[in-house]
1. Checking the condition under 29 Å from Lys429 (Cβ atoms) and buried (at least 22 other Cβ atoms within 10 Å of the Cβ), which residue from Phe196, Phe172 passes?
2. With the requirement that a residue be assigned to a loop (DSSP other than H, G, I, E, B) and under 14 Å from Arg339 (Cα atoms), what does the range 313-325 give you?
3. Among the residues of the range 190-216, write down those that are more than 16 Å from the ligand (Cβ to nearest atom) and within 30 Å of Gly468 (Cα to Cα).
4. Restricting to the range 300-320, and then to whatever is in contact with a Lys or Arg (Cβ under 9 Å, 6 or more places away or on another chain) and open to solvent by 30 Å² or more (accessible area, probe 1.4 Å), can you tell me which residue is farthest from Ile452 (Cα to Cα)?
5. Filter the range 265-275 down to the residues that are of a type outside the set (Lys, Arg) and modelled with pLDDT of 95 or more and list them by number.
6. If I ask for residues that are small (Gly, Ala, Ser) and either farther than 23 Å from Leu240 by Cα or loosely packed, with under 14 Cβ neighbours inside 10 Å (or both), which ones from the range 435-491 would you list?
7. Please give the number of the condition Gly179 fails out of (1) buried (at least 17 other Cβ atoms within 10 Å of the Cβ); (2) out of contact with any helix residue (DSSP H, G or I) (no Cβ under 7 Å at 6 or more places or on another chain).
Amino acid sequence: MVTKINEACDLVIFGAKGDLTRRKLLPALYQLEKNNQLHENTRIIGVGRANWNKFFFHSIVKESLSVFMKDKINNFYLKKLCTRLFFCNLDVNHIENFIKLKNILNQKNNIIISYFAVPPSIFGAICRGLGAIQLNTPPTRIVIEKPLGTCFKTSQEINNQVSKYFKEYQIFRIDHYLGKETILNLLTLRFANTLFFNNWDNKIIDHVQITIAEKVGIEGRWGYFDQSGQIRDMVQNHLLQILSIVAMSPPKNLNTNSIRKEKIKILRALRHINPINFNKNIILGQYSSGQLNGISVPSYINEDNANNNSNTETFVAMKVNIDNHRWSGVPFYLRTGKRLPIKCSEIVISFKKPIMNLFNDNNKRLSSNKLIITLQPNEGITLQILNKVPSLNSEHILNNIDLNFKYSDTLDKNSLSDAYERLLLESMKGIQTLFVSREEVEESWKWIDTIIHTWDKKQKSPKLYTAGTWGPHESKKIIQQDGRIWHNINY
Ligand code: BG6
């Protein structure tokens, strides 16, 4: 059911030939079409340096969908989508060419949204071109995506280039994790349920774990990844965004500014990992060859096009402290890596144990209650509690049981949309809540910079771990030194 019909847009995709467009944007647009979410006058204009006409672009779209869509393509919706497609052959370095684009657009009736599915080195040229033909005036919008810099300084440069032509309310910065249903549900879980609302601080919570584990390696992206590493690729954006939503205080309302204001406070309160506390708080790893699902996979430095001397990290585990009243004394343990045994993103909230153990005679140690939020796959929420093992025995023997909610058990499988569908739709509606502000990007980079500078100065190599395992064994120490263990993820 469509609850809100969007305004008519001309969605201009710079980088129409690229991987992001083919893998993510086109499938998302097809799904939006199928779900009747696109305004009838909305059009999609691919831009690229190719002598394509719109019919050739149609064939590329069909081919991309057949490769990247899991479900069977419905010809009716595919044809409908194709009627919206146009192509503009344009070299963004030639400002005079932009007039060709202007001539295709329907600026009078449609909102112009320019999606930059290209590397940031081209953002400046595109902005200049759009500015030259007044495609930056309100209500035009732009959508940009990471990598938004490699450090605070370069992120500032990118933001400055863009904001020379577009105001902050016109800029939609994607972090695709913010488009995931399960991330959005965190707000509901935390702020609509008294049980959690009232028990979300250092009086009740012992610690938090956030894991983003990936089975994949570098997937032909060595050139990009080796300059980036897991800290820049995953921690600066996805992990810090999740952390800030888990940790933020209740916003005044659900408006963009109210939510951003609370997230920023968390990013500012992160204790820096510096030369003094580095060794106790962070471990970096790199995969060596190993087995995944019985298949041998090469080490990071033996991937295609690899540089054999690379010290780039493919795994990171860290302990993060938030210096505010709510979280003082509650560590957040984060870990993420490539070539781990499974693909899974989850948040584990570990509650404190009861002060007194009434069941001491038969249960020397009570395990703590845990709230496990599985972001993907098998999306769901599990509450682990202690329960009396049923028996006629008068002694209380306790065991852990799971109160389980799985999206797949209760909801229509189509209710979990892909993140890009949601984000494209929100950009068409002009709602910025699920996009990252300039301040957030820059605050995260400031925090990450200290880690990267310290690591660079140490000139150490990351610890090796065998592909298909949970990272270097030293990553266990990060949490075990505090008398805790990583939550065991089993699927
Ligand atoms: C991207 C990273 O932002 O997120 C990739 O650049 C990573 O390296 C991907 O694989 C993971 O996203 P998801 O949604 O599959 O967990």
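The values are calculated or read from the model by the stated rules, or taken from the named source; none is laboratory data. What you see is a predicted model; the values in this text were computed from it and never measured. Don't worry about glycine lacking a Cβ; one is built from the backbone with ideal geometry, like all the others, and counts go over all protein chains shown. Just so you know, the surface numbers come from the protein's heavy atoms only, side chains and all, with ligands and any DNA or RNA stripped out. Shrake-Rupley method; radii C 1.70, N 1.55, O 1.52, S 1.80 Å.
1. Phe172
2. Filtering the range 313-325 down to residues assigned to a loop (DSSP other than H, G, I, E, B) leaves 313-314, 321, 323-325.
Once the filter is applied, which keeps residues that are assigned to a loop (DSSP other than H, G, I, E, B) and under 14 Å from Arg339 (Cα atoms), the range 313-325 yields Glu313, Thr314.
3. To start, the set of residues in the range 190-216 that are more than 16 Å from the ligand (Cβ to nearest atom) comprises 190-209.
Hits for the range 190-216 are Asp206, His207, Val208, Gln209.
4. Of everything passing the filter in the range 300-320, Lys319 is farthest from Ile452 (Cα to Cα).
5. Narrowing the range 265-275 to residues of a type outside the set (Lys, Arg): 266-267, 269-270, 272-275.
If the condition is that a residue be of a type outside the set (Lys, Arg) and modelled with pLDDT of 95 or more, then Ile266, Leu267, Ala269, Leu270, His272, Ile273 are the ones that fit.
6. Let us first name the residues in the range 435-491 that are small (Gly, Ala, Ser), namely 437, 444, 461, 467-468, 471, 475, 483.
Ser461, Ala467, Gly468, Gly483, listed by residue number.
7. (2)
Here is a yes/no grid of residues against (1) open to solvent by less than 70 Å² (accessible area, probe 1.4 Å); (2) within 16 Å of the ligand (Cβ to nearest atom); (3) under 30 Å from Asn255 (Cα atoms):
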{"position": "Pro331", "(1), (2), (3)": "yes, no, yes"}
{"position": "Gly337", "(1), (2), (3)": "yes, yes, no"}
{"position": "Asn357", "(1), (2), (3)": "yes, no, no"}
{"position": "Asn363", "(1), (2), (3)": "yes, no, no"}
